[in-house]
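The values are calculated or read from the model by the stated rules, or taken from the named source; none is laboratory data. Please read these numbers as outputs of a predicted model, since none were measured by experiment. Counting neighbours? That spans all protein chains shown, and the Cβs are built from the backbone with ideal geometry, glycine included. When the accessible area is computed, the model is the full protein with side chains, heavy atoms only, and any ligands, DNA or RNA have been set aside. Shrake-Rupley method; radii C 1.70, N 1.55, O 1.52, S 1.80 Å.
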Amino acid sequence: MEESIIKLNNISKQFKISKREAGMKNAIKSFFKREYKTINALDNISFDIKPGEIVGYIGPNGAGKSTTIKIMCGILVPTSGECIIDGFIPWKDRKKYVKNIGVVFGQRSGLWWDVPPIDSFELLKDIYNIPQKEYEQKLKELTESLDLEEIKNIPTRQLSLGQRMRCEIAAALLHNPKILFLDEPTIGLDAVSKLSLRKCIKTINEKTNLTIILTTHDMQDIEALTNRIILIGKGKILYDGSLEKIKSKYKDKMKINVKFKYTDKKIKIKEAKILEQTEESASLVLKHKDENMADILNELTSQVDIVDINIEDMSTDDVIAKLYKELKI
Amino acid sequence: MKVYFKTILMLIKMQLEYRKAFIVSVIGSFLITFLLTISVYFLFEEFEQIGNWTFYEVAFLFGMVFLNFSISEMFLRGLDHFENIIKNGEFDRILIRPQNALMQSTCTEFDLSKIGRILQCLIVIGISLTNLNIEWNLYKVFVFVLMNIGCFIIFLGIFILKASFCFWTIQGLEFMNILSEGGKKVAQYPIDIYAKWFRIFFTFIVPFGLVNYYPVLYLFGKADNWYFGILPLFTILFLIPCILVWKIGVKHYESTGS
């Protein structure tokens, strides 16, 4: 078995926040005597990630995603637990450790605003102390895979969000890190930019065996890029595994709508429940999530003369929303 | 250091992108300083002398302190506006880069327009010196350079301290301006014109006295103690605790992520 590159073991993080009720009186009171409340932002988080994996780290707002990322980047020190990434403890020996990681914050730019990206890249070369030759080679490679040729000489402020995001990713990868943290990289992008960005990320991952941790609210990002998700809610890990498995959990919620030539025969299928039937149409659901869809379709064809059939699959968004609701997060 | 200067160069490049705004702010900064200089002149129109100090002597002090204050504002703008770096999360980015955090924070901003002020201060210093009849020798030149370095170090310390407090308060603290703005005002005049406790504060706590008063006494031939000239070196003792407070601040940030 391959060694994991990222290992989190029972990481917890507590924050002290000042508690205050509404109103001027309380505002003044809390100015003089502040009461603090401890909240558990992270509660015994553990997971392993292997080199070259892409992992989607998802959860509703305030679940603790950013806190985890910040701990893994060495920005925050956890209250307890251990975290070893590529042989380093992130918050110790920060300067050496951060050479191994690249970080893209979707909502904040890592580029200098008023100069073309290429100038930012040059400066990053010095900040990360990248040898000239390596730099040139990496830049060429990234220019190709992220399609930067046309845009790297335009001042950053004039780039579209999609173009800028491609430059941000290049900026985060120039020093050839082993791990890339992408914090909501597709936020605010239009459909075309999203698609091309996903393609770029996928290509880079396949080419360089880069380990990628991705936080996003866009389930299509996850579907396009990875099959492993780690779901976090209220500071706890609620699920770690494939997206498919979660989806199949809700397979019995799939609705089959079928239209057929006139018949007054009642449809009878052992594995499915008929929700409603008219003389020319019917809709049914699986009785059990383990039932085989093909069997049911076969059965249907043998009983009626099908004109049209469609299966209402639950979208990933629906699945995740349902999951959040079920887990009460 | 290489990274520092390259970043500064980039920031200069960025400011030159906005040519008109740049020219206007240079002129602005020149004019504001000009008014201040004139005000010192009018003060002496009224009083002729302050304590034992003549107009050109005070003008020299004024120029020197203002020069270093302007240089600090130019180079340390990032620390001056440090609350923004904390608020917009820019400090997270600083922490994920393999360079010193204080250095990186310092070069998030660079205010080239202060060049207008710096020029004027140099002119004021120049005029004062030509009217002052100082018997120059190599040591006195050395003292003059040292005074300026010391003065910059004090402002550096104050700016670092001011930035460090943002780790706890998020907001920049107005009272820190007492040290930077107030210190600047106080140090423009020789400290022997002030009350005793005031003098003690600005000699031993925020040691402006070490960079203007004592070395200047020697420079102007008002005192013969040669060691007055090297007192600016002791400003390092002020800088060290400031950097320490900064370090504690960074540690605090890492555990709260505020």
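So what's the projected area for region B:2-256, the Cα convex hull averaged over all directions, in nm²?
Details: hull surface 59.4 nm².
Projected area, direction-averaged: 14.9 nm².
Which of A:32, A:181, A:121 moves most in a GNM of chain A, Cα contacts under 10 Å?
With Cα springs under 10 Å in chain A, the top fluctuation among A:32, A:181, A:121 is at A:32.
Could you tell me which of the pairs B:20/B:162; A:37/A:234; B:196/B:251; A:65/A:249; A:140/B:13 are separated by over 27 angstrom between their Cα atoms in the structure shown? Write out the running numbers ahead of the final one.
Values: B:20/B:162 31 Å; A:37/A:234 16 Å; B:196/B:251 38 Å; A:65/A:249 24 Å; A:140/B:13 25 Å.
Violating the 27 Å limit, Cα to Cα: B:20/B:162; B:196/B:251.
Rg(Cα) of region A:251-313 divided by 2.2 N^0.38 Å? Don't skip to the end; give the middle numbers.
Numbers: Rg = 10.6 Å, N = 63, 2.2 N^0.38 = 10.6 Å.
Expressed relative to 2.2 N^0.38 Å, the Cα Rg reads 1.00.
List the residues of region B:1-15 whose accessible area drops by at least 30 Å² when all protein chains are present, compared with their chain alone, using a 1.4 Å probe and counting only protein heavy atoms.
So the qualifying set is B:3, B:6, B:7, B:10, B:13, B:14.
Quick one: which bits of region A:107-140 get at least 50 Å² less accessible when the partner protein chains are in, versus the chain alone, with a 1.4 Å probe?
Checking the loss per residue gives A:108, A:112, A:114, A:123, A:126, A:127.
Quick one: Cα centre-to-centre distance for region B:204-239 and region A:136-158, in angstrom?
Here the two parts' Cα centres lie 53 Å apart.
Determine the share of chain A's accessible area contributed by carbon and sulfur atoms, expressed in whole percent, with a 1.4 angstrom probe. Numbers along the way, then the final one.
On the way: 8260 of 17010 Å².
The nonpolar share, carbon plus sulfur, comes to 49 percent.
Counting only Cα, what are the radius of gyration and maximum Cα-Cα distance Dmax of the protein assembly as shown, in Å?
In Å, with Rg to one decimal and Dmax whole: 32.8, 120.
For the protein assembly as shown, what is the mean residue ellipticity at 222 nm derived from helices alone (per DSSP H run of n ≥ 4: -39500 (n - 2.57); sum divided by total residues; nearest 500 deg cm²/dmol)?
Working: 25 runs with 292 residues, N = 587.
Counting only the DSSP helices, I get -15500 deg cm²/dmol.
Please calculate how many Å² of accessible area the protein assembly as shown carries per residue, with a 1.4 Å probe and no DNA, RNA or ligand atoms counted.
Details: 29110 Å² over 587 residues.
The answer is 50 Å² per residue.
Looking at region A:6-242, I'd like the Rg to Rh ratio, where Rg is from alpha-carbon atoms and Rh is Kirkwood's inverse mean 1/r. Write down the numbers at each step before the final one.
On the way: Rg = 19.5 Å, Rh = 19.1 Å.
The Rg/Rh ratio comes out at 1.02.
If you filter region B:89-150 for chymotrypsin sites (Phe, Trp or Tyr not before Pro), then keep DSSP loop positions with at most 15 other Cβ within 10 Å, what is left?
On the way: sites: B:91, B:110, B:136, B:139, B:142, B:144; in loops: B:110, B:136.
Counting only loop positions with at most 15 other Cβ atoms within 10 Å, the chymotrypsin sites (Phe, Trp or Tyr not before Pro) in region B:89-150 are B:136.
Mean-square fluctuation check for chain A, GNM, Cα pairs under 10 Å: which of A:153, A:129, A:310 is largest?
A:310
Could you work out which residue, out of B:14, B:176, B:147, moves most in a Gaussian network model of chain B, that is, has the largest mean-square fluctuation with Cα springs under 10 Å?
With Cα springs under 10 Å in chain B, the top fluctuation among B:14, B:176, B:147 is at B:14.
Tell me the carbon and sulfur percent of the accessible area for chain B, rounded to whole percent, probe radius 1.4 Å.
Values: 8350 of 12100 Å².
Carbon and sulfur together cover 69 percent of it.
How big is the charge dipole of region A:6-242 about its Cα centre, in debye rounded to the nearest 20, if each Lys and Arg gets +1 on its Cβ and each Asp and Glu gets -1 on its Cβ? Kindly include the intermediate steps, with their values, before the conclusion.
On the way: 36 positive and 28 negative charges, 271 e Å.
The calculated dipole for region A:6-242 is roughly 1300 debye.
What trypsin sites (Lys or Arg not before Pro) in region B:175-225 are in a loop by DSSP, with at most 16 other Cβ atoms within 10 Å of the Cβ? Don't skip to the end; give the middle numbers.
Values: sites: B:184, B:185, B:196, B:199, B:222; in loops: B:222.
Sites meeting the loop and neighbour criteria: B:222.
May I ask for the longest run of chain B untouched by GluC sites (Glu not before Pro) that are loop-located per DSSP and have at most 12 neighbouring C-beta atoms (other than their own) within 10 Å? Can you show the working numbers first?
Values: sites that count: B:48, B:135, B:174.
Longest run free of exposed loop sites: B:49-134.
Tell me the chymotrypsin sites (Phe, Trp or Tyr not before Pro) within region B:158-202 that lie in a loop according to DSSP and have at most 13 other beta-carbon atoms within 10 Å.
Sites meeting the loop and neighbour criteria: B:175.
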